[in-house]
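Worksheet: one structure, shown below.
The values are calculated or read from the model by the stated rules, or taken from the named source; none is laboratory data. Source: prediction; values computed, not measured. Glycine gets a Cβ as well: all are built from the backbone with ideal geometry, and neighbour counts include every protein chain shown. Note: areas computed on protein heavy atoms with side chains; ligands, DNA, RNA excluded. Shrake-Rupley method; radii C 1.70, N 1.55, O 1.52, S 1.80 Å.
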Amino acid sequence: MEKQQIIDQIKWMIADGNADHEIEALLVGEGVARAEAKYTLSVVKNELFPDEYPLIIEPKSNRAYLWAGLLIVAALVSLLAFHSWRKSSGTAEREINPADMIRLMKDGPGVYTTELNKINAGWTFNQDKDRWENNKRKTALAIRLEQLLYMCPVLHDHSFQDYLENHEFRDIIYTKPGSKIFQNDEFMFTIQTNADYTMISLAYR
């Protein structure tokens, strides 16, 4: 790979949480000596987190790779700056809440991809499953039998329920274990939770 391609690959590996040895292996595979690969990675981490990652001793041979490390640092700093700018210019990167579901229900599926990506990035429409998916967050949204269904990993807090209770939705007694129903004069939310996922459905009354 060319130098820019290597930089792009490393920045994605760091963003995805890859271990140091995996990033070093990429550099070694591109012909960088293992000691130089370790040093290059240490330059990057020292630049980003100087207090947590002190710079390792520079290898005596072939110091040209120091410049490659500095180029990677520059690319990473630019990436972080662009990422922060992108968040502030449209993508909130937050969880979907009841107000979002009500707005989507009223607007219709034609705007779902655009509106979902304003809440958190990564949403695409899966034609085979006839639903919108965000694989990064392991979430999905679909329309079934005039209901808007939202599936997400188990809710670890009560923010969704708290929102409904604070916006005049009444908690309806429901005997099925793991299920709760909230409704007002216009909408009804049903929240069902098992060991792995929460399924939230929204329907007009």
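Just a few scattered comments:
- Area accessible to solvent at Arg170, 1.4 Å probe radius, in Å²: 110 Å²
- Tensor-based shape of the stretch 103-199 (alpha-carbon gyration tensor, a/c under 1.5 rounded, otherwise prolate or oblate): prolate
- For Asn97 and Arg34, the FRET efficiency from 1/(1 + (r/R0)^6), where r spans their Cβ atoms and R0 equals 45 Å, is about 0.40.
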